[in-house]
Amino acid sequence: MGTPALRKFEAHPARGVSGAIAVPGDKSISHRALMLSGIAEGTSEVTGFLASEDCLASLAAMRALGVRIEQPSPTHVVVHGVGLRGLRDAKRTLDMGNAGTAMRLFTGLLAGQAFSSQLIGDASLMKRPMERVAKPLREMGADVRTHGGTPPVDIGGGRNLHGIEYRMPVASAQVKSAVLLAALYADTATTVIQPAISRDHSERMLASCGVHLDIDGLRATLHPPRALANQRLNVPGDFSSAAFFIVAGLLGSGDEGLLIRNVGMNPTRTGLLDVLRSMGGNIEVRNPRQSGAEPVADVLVRTSALRGVRVPVELVPLAIDEIPVLFIAAACATGETLVTGAEELRVKESDRIAAMSAGLGALGVSHSVLPDGMRIEGRGAGPAFSGGEIDSFGDHRIAMSFAIASLRAGKSISIRDVANVATSFPGFVELARSAGLDVCESPA
C-alpha cells in the first residue's frame, strides 16, 4: 500500500448539527469477522462491513492466504471458509497498511500455521510496538520476531503451540485477541488474565462460532476447537465513529438533537457515554436491541452545558480511542477536566497526547500535558477555539476530533495530513456535512 497523498480539511464554524445519521460499520468487528469466517467451515455472510482501508487490508491478507471472499457491495462480504487448518502460504509479504489491529491479530492467527509469514505496514505502523503481542506468543512456543520491537513481524511456521496462562501487564484487546487466536491452534486450553476490562468482541464472536470459552471476570479461558462454525453477521455502527457525532451533538444540536442510528453499544466500548454524562451531557439511548452477539441502539444527543470532571481511571480503557474527541468536549466545558491512566495513547497511530496538545495549543486552549494524560481548562459557553492551522500527524482520530471542534470555533480550522481518515471512516466529510458541519477536504 503506497503512502497516501497529502490532504487537508477546512472546517468552518457552523450553526449546529441536526437530523438523523448512521455511521459506518464497526472496524474492530469487521476485522475479526473476516479472520474468523476465513477459518470457519462453510460460507459466512457479513453485512454492514466497514469498507475502510484498514479493513480492506485484512480482506486482502485473507485472500492472499487462500480464502475466497466475494464482495457483492462495499458493505456486504461473503467469505468461503477454508477451515481451521486450511490457510495456505501467501508466498509474499502481507501489507497491513495503517491497521495496527490487523497486524497484531494476524500475528496471533499466523503463529500456529504450518508456513512462515511476514507482516509489514505503512510508515506509521512500522514504528508501532509489536513486542507486547510477540512475547506471549513466544511463551506459547511460536516463532515470532520483531525488529527492535517494531515491524516487520516475522512468523516462523510449523511450530507446535501449547496452552499457557498469561497475565497481561496492560489491558489491551488487541494483545488479548492475538493470544486467543493463537490459542485456537494450541494443544491445551489457554487462559488470559487482564488487569482491567478491555473490548470483548473477540470473545463474543468466537463463542458465536461455537468455540468453548470460560469467562470469569477478567479471566478468559479458550479450549481449542476442532472446527469453527460459519456465521451470518450484521456489523453494528462503529461506536468510535459515532463518538465524534455524539460530541458534536452535545456542542451544538439544539433542543431537537442529533439522532445516530444503529450504534454498537458493547459495554466494553461505551465508557465515553459514562464520562460525557458525568459532565452533564444529555444523551438518550433508544431502542436497545441485539445484532447477533452484539448490543446495538439508537443514540439521541442534545446540546448540553458541560462541566469539567476528573475522569475515573477505570473508564479510560473503555474509552481509549475516544479520548481525543473527549479532549474537544473538555475544552468546551466549564472548569477543569483531568484525564490520567491513558499512556496507551502514546503508542497509537500517533502520540495522541502530544498531537492533541499541539492542536489545542495552536487553537488557544489552556492545558497541561501529563505522561499519561492531560489537564484541560475548559472555556464554557461561547467559542472555545480561536481558529487556525493544526497538524493531525496523519492520525485519523486527531483529524476528525478537530473537525468537530469547528462547531465551537471563532474562526476556521485548517487540519493538515488527513488522508488516513479513510482508514477508519470512509465518507466522514460527506456525513459531517449532511449533519450540518461545514467541513470540506482538498489537496494540501
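Values in this text are rule-based calculations from the coordinates and carry no lab data. Computed from a predicted structure; not experimentally measured. In this analysis, Cβ positions are derived from the backbone assuming ideal geometry, glycine residues included, and neighbour counts consider all displayed protein chains.
Thinking of region 137-200 as a set of Cα atoms, what percent of all their pairs are more than 13 Å apart?
On the way: 1290 of 2016 pairs.
Tail of the P(r) past 13 Å holds 64 percent of the pairs.
Past the 25 Å Cα-Cα mark, which pairs from K27/K127; K8/K127; K176/K348; K27/K348; K27/K91? The pairs that break the limit, which is 25 Å between Cα atoms, are K27/K91. Run the simple label-point estimate for R15 and N234 please: 7 Å along Cα→C-beta, distance reported in nm. Reported label-point gap for R15 and N234 is 3.5 nm.
Using the eigenvalues of the Cα gyration tensor, what equivalent ellipsoid semi-axes result for region 53-119 when each is taken as the square root of five times the eigenvalue, whole Å, largest first? Display every interim value, and only then the final one.
On the way: eigenvalues 70, 48, 18 Å².
Working through the eigenvalues yields semi-axes of 19, 16, 10 Å.
Which shape class applies to region 241-376: rounded if a/c is under 1.5, otherwise prolate when a/b exceeds b/c and oblate if not, where a ≥ b ≥ c are the square roots of the Cα gyration tensor eigenvalues? The shape class here is oblate.
Quick check on region 254-307: take the gyration tensor over C-alpha atoms, sort the square-rooted eigenvalues as a ≥ b ≥ c, and tell me if it's rounded (a/c under 1.5), prolate or oblate.
Working: a/c = 3.71, a/b = 1.55, b/c = 2.40.
Oblate shape, in that a/c is at least 1.5 and b/c is the bigger or equal ratio.
Sorting 396-404, 73-81, 44-52, 422-430 by average packing, meaning the other beta carbons within 10 Å per residue, from highest down gives 396-404, 44-52, 422-430, 73-81.
Normalised radius of gyration for region 308-403, please: alpha carbon Rg relative to 2.2 N^0.38 Å, two decimal places.
Details: Rg = 12.1 Å, N = 96, 2.2 N^0.38 = 12.5 Å.
Taking the Cα Rg and dividing by 2.2 N^0.38 Å, one obtains 0.97.
Taking amide H positions as modeled 1.01 Å from N, with prolines and chain starts lacking one, the residues under 5 Å from G335 and 5 or more places away or on another chain are G308, G378, G380.
Both radii come from the Cα set of region 70-154: Rg as radius of gyration, Rh as Kirkwood radius; their ratio Rg/Rh reads 1.00. Go through (i) 62, 44, 44; (ii) 105, 51, 38; (iii) 63, 53, 44 and flag the label whose value is the computed Cα extents along the principal axes in Å for this structure. This structure yields the entry labelled (i). Note on R433 and A305: the model spin-label points, each 7 Å out from Cα along the C-beta direction, lie 3.6 nm apart. Remark on region 155-289: ratio of C-alpha radius of gyration to 2.2 N^0.38 Å is 1.31. Reported to the nearest whole Å, the Cα centre-to-centre distance from region 167-229 to region 81-141 is 17.
Report the one residue of A358, A381, A435 whose Cα lies farthest in the direction of the positive end of the charge dipole of region 355-444 (charges on C-beta: Lys and Arg +1, Asp and Glu -1; origin at the Cα centre). Of the listed residues, the answer is A381.
Taking 0.36 nm per residue of separation and subtracting the Cα-Cα distance, what length does fully extending T334 through K411 add?
25.7 nm
Mind checking the dipole of the chain: about its Cα centre, +1 per Lys or Arg Cβ, -1 per Asp or Glu Cβ, Debye to the nearest 20?
Numbers: 44 positive and 44 negative charges, 55 e Å.
So the dipole magnitude of the chain works out to roughly 260 debye.
Under the 0.36 nm per residue contour assumption, what length would be gained going from the current alpha-carbon distance of M126 and S442 to full extension?
Numbers: separation 316, 0.36 × 316 = 113.76 nm, distance 2.69 nm.
Contour length minus the Cα-Cα distance gives 111.1 nm.
Membrane-span-like helices in the chain, defined here as complete DSSP H runs extending at least 18 Å along the helix axis by their C-alpha atoms with mean Kyte-Doolittle hydropathy no lower than 0.5, are 239-252; this is a sequence and geometry rule, not a statement about a membrane. Taking the Kirkwood radius as Rh and the Cα radius of gyration as Rg, region 1-85 has a ratio of Rg/Rh equal to 1.13.
Suppose R0 equals 60 Å. What FRET efficiency, 1/(1 + (r/R0)^6) with r the Cβ-Cβ distance, do S116 and L370 give to the nearest 0.05? Please list the in-between numbers first.
On the way: r = 42 Å, r/R0 = 0.70.
That pair, S116 with L370, gives E of 0.90.
Farthest toward the positive end of the dipole of the chain, out of F425, G264, S52, is the Cα of S52, where the dipole comes from beta carbon charges about the Cα centre. Shown here for region 197-231: trypsin sites (Lys or Arg not before Pro) in loop regions (DSSP other than H, G, I, E, B) with at most 10 other Cβ atoms within 10 Å, namely R226. Each principal axis of the Cα cloud of region 348-404 was evaluated for its coordinate range; sorted largest first, these ranges are 32, 24, 14 Å. Cross-link partners for K411 among the aspartates and glutamates, with Cα-Cα distance under 14 Å and sequence neighbours closer than 8 places in the same chain left out: E10, E389, D438.
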